[in-house]
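Before any comments, here is the structure.
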Amino acid sequence: MQLPDLDALHAPYRLVCVAPHLDDAALSLGGMLAAPPASAAPALVITLCTAAPTTDYNAVAREFHGQWDLESDDIVGQRKREDRAAMAELGVDFIWLEVLDAIYRCPTAYHSRETLFAAPQADDPLIPFVTGLFAGLRRQLPQARIVVPLGIGEHVDHLICFAAAQHVLGEAAWYYEDIPYVLRPGALERRLAALDGRWMAQPVTINDGLTAKVAAISAYRSQIGELFGGAAPMERQIREYAAAVADTGGSAERLWRIVP
Ligand SMILES: [Zn+2]
C-alpha cells in the first residue's frame, strides 16, 4: 500500500528501509522486505529521490538517460510505475518523499560521474532533509529496525543517508550493502576501510524471499540493462550474491552495524 506521507505512518513496522532511489530497496533488501511470516509486522520502504525534474539536464543526467530503457520523456513517471509494481511484488507499504535526485537537485555540483560518486557538497539540501527524516522516524517508529545504505560505491545520495543515520540514530542504525555497487570486486572492502569504528556483519537468511526479490527487481525495466546487462544476468548475479553472503548455505542479504 502506498502511504501519502510520513504523517500517515501507523502500523508497527518490523523493518523500515530507507532508499535513496527508485530501485535501491528491492536491489539491496528485497529478500528481507518480502514475504514476512504471517505473524510478523509489515515492512515499509521510504524512497527519497522521486521528484520529477525540469528538462534542463546536465551532462551526467543525459548520459544516464541514454543508458536507461525509457518509454518516453516522462522519466520519473515510468520509474514510479516500475516501483509500484516492485513494491507490490514485495508486499510492502511504501512512501515517496519527492526529493530530487542529486543529478537534478544540484546539477552544477554533481555534473559528472566523478562528482556524483564522491563526497557530498556541504550545502546540499538533502543533508538537513534526511537528518530531519531520521529524527522523525526515531520518534514515530521507535520499535522498528531502520536500515539505510552502507554507501558502497560512494553515490552522493547514498553517502548522505549513511552519514545522517550515523549522526541521528547512532548505534541503533543498521546498514545494507548497496547493490549493484557491492558486486564489484573490492568495493565493500574499500568502503569499510574508509569508515571509522569497528563494523560487524550480520547475514540475514532470505530463502523464501529470494524469488520475490528477483521478481521485484525485474519490474525496474528501465534500469536492468544499465545495471546488469539484462534480466537473465541480473537473476544470476542476484542469486550468486545471495548464496555468497549466506553463512550456512541457502540465501541471504547482509547487514552491517557499528560495534558499540
Ligand atoms: Zn541508489
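Some notes on this structure:
- The range 1-42 - residue that is in a helix (DSSP H, G or I) and within 16 Å of the ligand (Cβ to nearest atom) and, of those, nearest to Leu159 (Cα to Cα): Asp24
- Filtering Ala215, Ala232 for residues that are assigned to a helix (DSSP H, G or I), among the small types (Gly, Ala, Ser) and surrounded by 18 or more Cβ atoms within 10 Å (Cβ to Cβ) leaves a single hit, Ala215.
- Residues that are away from the ligand (no atom under 13 Å from the Cβ), at pLDDT 95 or above and surrounded by 15 or more Cβ atoms within 10 Å (Cβ to Cβ) are absent from the range 47-64.
- Pairs, first within 14 Å of Gln121 (Cβ to Cβ) in the range 95-111, second among the aromatic types (Phe, Trp, Tyr) and open to solvent by less than 50 Å² (accessible area, probe 1.4 Å), C-beta under 6 Å, six or more apart: Ala102/Tyr110; Ile103/Tyr110
- The helices (runs of 4 or more DSSP H) falling completely within the range 83-147 that include 3 or more residues that are within 18 Å of the chain's Cα centre (by Cα) and modelled with pLDDT of 95 or more map to 126-140.
- Residues being more than 16 Å from the ligand (Cβ to nearest atom) and outside any loop (DSSP other than H, G, I, E, B) - total across the range 189-210: 14
- In the set (1) open to solvent by 30 Å² or more (accessible area, probe 1.4 Å); (2) more than 14 Å from the ligand (Cβ to nearest atom); (3) not basic (Lys, Arg), Leu100 fails one condition alone, (2).
- Of the criteria (1) outside any strand (DSSP E or B); (2) over 20 Å from Glu114 (Cα atoms), which one His158 fails: (2)
The values are calculated or read from the model by the stated rules, or taken from the named source; none is laboratory data. Keep in mind the model is a prediction, meaning the values are calculated, not measured. Don't worry about glycine lacking a Cβ; one is built from the backbone with ideal geometry, like all the others, and counts go over all protein chains shown. Calculation scope for accessible area: heavy atoms of the full protein, side chains included, ligands and nucleic acids excluded. Shrake-Rupley method; radii C 1.70, N 1.55, O 1.52, S 1.80 Å.
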